[in-house]
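Report on the following structure.
The values are calculated or read from the model by the stated rules, or taken from the named source; none is laboratory data. Since the structure is predicted, the reported quantities are computational estimates derived from the model, not experimental observations. Neighbour counts are summed over all protein chains in view; Cβ atoms, including those assigned to glycine, are modelled from backbone coordinates with ideal geometry.
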Amino acid sequence: MKVVVTSMGEGVDSEVDPRFGRASKFVLVDTETSETTSADNSAGVDATHGAGVQAAETISRLGAECLITGHCGPKAFRALQAAGIEVYTGASGTVTEAIEQLRSGDLQRSGGPDVGGHWG
Amino acid sequence: MIVAIASGKGGTGKTTVAVNLALSLSGNVQLLDCDVEAPNVHLFLEAQPEGREVVGIPVPVVDADLCNQCGECSRLCQYNAIAVLGTGVMVFPELCHGCGGCALVCPEDAISEVMRPIGVVEESRSGSVHLVQGRLYVGEALVPPLIREVRARSCEEGVVLIDAPPGTSCSMIAAVRGSDFVVLVTEPTPFGLNDLELAVETVRVLGIPCGVVINRAGAGDDRVQEYCAAEGLEILLEIPDDRRIAEAYARGLTLVDAIPGIRPLFASLAARIEAVPPITAGYPVEKSLADVHS
């Protein structure tokens with residue numbers, strides 16, 4: 001499964017960025033092959049409005065099937081749902097640790113947004 | 001002639017000046033309440049309703065059968081109001097500014113537009129004053145499109161007074177641009193002075209001449225007068241700091257009717273305003289979205 005983790009920097013040793021729409025980077029991890037790539041989110045960081053929507057579109061284009069982040073707002077959640085991407089919030093530590101949290105079932109799959117708009 | 005009454009700081013007396021100036025001008029006056037998030041001119045005029053119209057902004061609707069998810073619409077949109085997600089395109093109407101660009105760039109002609117209501121424009125009349133006010137629906141964030149709708153209802157002849165929203169952001173610009181003169185209302189306090197400076201800088205960028213009304217004169221210090229002298233700004237009127245004025249305001253009364261001695265002050269302001277020459281340079285009034293899309 002292709003998982004995107006919001007991160008402060010590139011690579012799996014980076015810290016998880018708790019923001020989704022305005023996360024610094026996205027680290028894409030293929031949990032079957034362990035192949036990882038990092039993607040820029042300057043479009044979301046610089047967005048005047050709708051950073052969460054923009055970010056959802058970006059990771060949808062990356063082929064993400066699952067998102068791990070800290071928090072997710074209402075419009076971002078709607079967009080991610082439309083894109084068929086599973087959302088897991090409340091992650092912390094490094095990207096590698098977040099993937100481990102997902103594997104061990106420590107992360108709860110979100111049924112809705114956990115913060116209001118403009119949280120990040 | 002269009003005269004806007006504006007101020008950097010809120011609560012300095014824009015509406016007080018606008019209403020009492022409207023009642024002091026000779027002939028018919030159109031008063032546009034462009035403070036659409038909190039229109040309050042109507043509280044001071046016993047006006048007879050003449051019309052009410054719901055206004056909105058055009059937002060896209062995507063025909064899923066025609067759309068091939070090429071993403072041109074999403075790339076164009078500066079507000080991320082339309083996004084290609086999975087196998088479809090999703091519209092976020094609350095982010096859309098109604099520019100219509102997505103429908104124009106769509107190579108498949110898959111996008112049409114529907115009106116999303118954002119507020120109402122209400123017209124009424126009180127004696128010689130024709131009042132047009134915008135009222136934004138609660139929870140809406142897009143102020144300039146409604147201000148443009150209010151301004152689209154201004155007539156060509158006579159004096160048009162605009163009660164602008166406070167501040168120096170896009171809503172104030174939408175209310176002020178294209179006017180011939182701006183009356184900047186302030187108070188003799190540090191906040192009043194600071195925000196007056198911001199407002200003066202803003203109207204200078206817009207290329208509109210301006211003058212200053214000092215409300216509650218005597219309540220603070222002389223720094224506003226010193227600033228106006230240093231900047232070559234005309235002080236059009238000083239309204240004294242008088243408890244009777246606050247009491248009349250709180251009762252919804254106009255000062256020219258309730259306070260003896262106020263009428264000549266506003267009469268001289270009206271004479272000064274009637275002598276304002278129209279300007280031909282500067283930024284034009286923006287068209288309403290309905291005109292842009294027709």
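Some points to look at:
- Checking each residue in the stretch A:83-96 for being in contact (Cβ under 8 Å) with a residue 24 or more places away in the chain and within 13 Å of chain B (Cβ to nearest Cβ) picks out A:Ala83, A:Ile85.
- In the stretch A:93-117, the residues that are loosely packed, with under 12 Cβ neighbours inside 10 Å and under 28 Å from A:His49 (Cβ atoms): A:Arg109, A:Gly111, A:Gly112, A:Gly116
- Residue match in the stretch B:57-76 (condition: more than 10 Å from chain A (Cβ to nearest Cβ), of a type outside the set (D, E, K, R), part of a strand (DSSP E or B) and under 20 Å from the mean Cα position of the chain (by Cα)): yes
- Here the stretch A:64-74 is the region considered, the condition is being within 11 Å of chain B (Cβ to nearest Cβ) and surrounded by fewer than 24 Cβ atoms within 10 Å (Cβ to Cβ), and the residue that is farthest from the chain's Cα centre (by Cα) is A:Pro74.
- Look at (1) within 17 Å of A:Ser7 (Cα to Cα); (2) of a type outside the set (A, V, I, L, M, F, W, C); (3) touching a residue at least 12 places away in the same chain (Cβ under 8 Å) and you find that A:Pro74 fails only one, number (1).
- Any hit, the stretch B:6-13, residues being farther than 16 Å from B:Arg125 by Cβ, touching a Pro at 6+ places or on another chain (Cβ under 9 Å), hydroxyl-bearing (Ser, Thr, Tyr) and in the same structural domain as B:Val132 (by TED's automatic domain parsing): yes
- Those residues of the stretch B:113-139 which are in contact with a Lys or Arg (Cβ under 8 Å, 6 or more places away or on another chain) and within 14 Å of chain A (Cβ to nearest Cβ), in sequence order: none
Residue-wise test of (1) crowded, with 18+ Cβ neighbours inside 10 Å; (2) under 30 Å from B:Arg216 (Cα atoms).
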site	(1), (2)
B:Ile2	yes, yes
B:Gly10	no, yes
B:Asn40	no, yes
B:Cys96	yes, no
B:Cys102	yes, no
B:Val105	no, no
B:Pro117	no, no
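- Residues that are buried (at least 20 other Cβ atoms within 10 Å of the Cβ) and either among the hydroxyl-bearing types (Ser, Thr, Tyr) or assigned to a helix (DSSP H, G or I) (or both), drawn from the stretch B:210-238: B:Val224, B:Cys228
- Criterion (out of contact with any helix residue (DSSP H, G or I) (no Cβ under 8 Å at 6 or more places or on another chain), buried (at least 18 other Cβ atoms within 10 Å of the Cβ), within 9 Å of chain B (Cβ to nearest Cβ) and over 19 Å from A:Gln101 (Cα atoms)) met by exactly one of A:Arg61, A:Arg78: A:Arg78
- Tally of residues being outside any strand (DSSP E or B), farther than 16 Å from A:Gly70 by Cα and touching a residue at least 40 places away in the same chain (Cβ under 8 Å) across the stretch A:13-35: 2
- Taken over the stretch B:192-209, the criterion of being closer than 20 Å to B:Leu21 by Cβ and not in a loop (DSSP other than H, G, I, E, B) is satisfied by B:Gly192, B:Leu196, B:Ala199, B:Val200, B:Val203.
Here is a yes/no grid of residues against (1) within 26 Å of A:Gly44 (Cβ to Cβ); (2) out of contact with any strand residue (DSSP E or B) (no Cβ under 6 Å at 6 or more places or on another chain); (3) surrounded by 14 or more Cβ atoms within 10 Å (Cβ to Cβ); (4) within 13 Å of chain A (Cβ to nearest Cβ):
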| position | (1), (2), (3), (4) |
| --- | --- |
| B:Ile82 | yes, no, yes, yes |
| B:Leu85 | yes, yes, yes, yes |
| B:Val89 | yes, no, yes, yes |
| B:Ile111 | yes, no, yes, no |
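- Answer from A:Thr6, A:Thr36, A:Thr31, A:Thr48 - the residue that is out of contact with any Asp or Glu (no Cβ under 9 Å at 6 or more places or on another chain) and more than 14 Å from chain B (Cβ to nearest Cβ): A:Thr31
- Single residue of the stretch B:122-135 satisfying the filter (among the hydrophobic types (A, V, I, L, M, F, W, C) and buried (at least 22 other Cβ atoms within 10 Å of the Cβ)) that is farthest from B:Val36 (Cα to Cα): B:Leu131
- Which listed residue, of B:Thr202, B:Thr186, is among the polar types (S, T, N, Q), assigned by TED's automatic domain parsing to the domain that holds B:Ile259, farther than 30 Å from B:Val54 by Cβ and crowded, with 23+ Cβ neighbours inside 10 Å: B:Thr186
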